Amino acid sequence: MSDLSQFGGGIEQSETGTEEGDSSDSRYKYKAGRCRGITNDGDRCRASASEGDLCYNHDLDDHCVTIDSDAITLIEWTSRTKFENLEDLDVDEDLIREAVHNVVGLRGRPLPVYEEGIWLPQRFCEADQLIVRTPAKTTDSRRTGDEPQRRISSLATADDWDPDYLVGEGRTAEIRNEECLPGEDGVPKIGLKIAGEEQRWFPVEIEGGELP
């Protein structure tokens, strides 16, 4: 169960007003409450909203994250900024990052790829529909039954980034997703998209060989 205390406990904290001499009459609660949306900075929105619903801007957002969202969504949304600077805290920063990456996948943190497949964060394993983009292919995978994808998924393998296959005079692949090719930084990438959510891009580490 997620701890939503930093977002107001998940319960609308309505301001109340009373007439002089009557401190208990609930008829004088204000109709305007605080927006339940989470901002891009990972904090609860401070805008007012009718009866504690969403403010105008968050109401227009089809993929708005709110204090009532599931724990995994809240971890992912808030960790984008909350885990960028932990130097002042007496914690094992890398251990925290690794734990969050294991569950939802942190931007900029690589996913290892082996000959058998790519290691996926848990959230992508549990997706009902996962779209995977590698340099030469786009795969639409739909889960059947209740079982999640394997953590090492064959939806992408080390061969998908084989230089002999992708570049040079002997290239045989038709490039479909140029975003996945190594850029100026020399880092190859993979695209992961859960149906109905935003496209995510992760660097990959080509491990090759057998699984550890």
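Nothing in this text is a laboratory measurement; each read-out follows from the coordinates by a stated rule. All of these numbers come straight from a predicted model, not from anything done at the bench. In this analysis, Cβ positions are derived from the backbone assuming ideal geometry, glycine residues included, and neighbour counts consider all displayed protein chains.
Note: segment 122-170, Cα convex hull, 73 Å³ per residue. Between A99 and N57, the FRET efficiency estimated from the beta carbon spacing at R0 = 22 angstrom works out to 0.10.
Which stretch or stretches of segment 116-131 have amide N atoms under 20 Å from the point lying 7 Å from D140's Cα along the Cα→Cβ direction? Flagged as within label range: 124-131.
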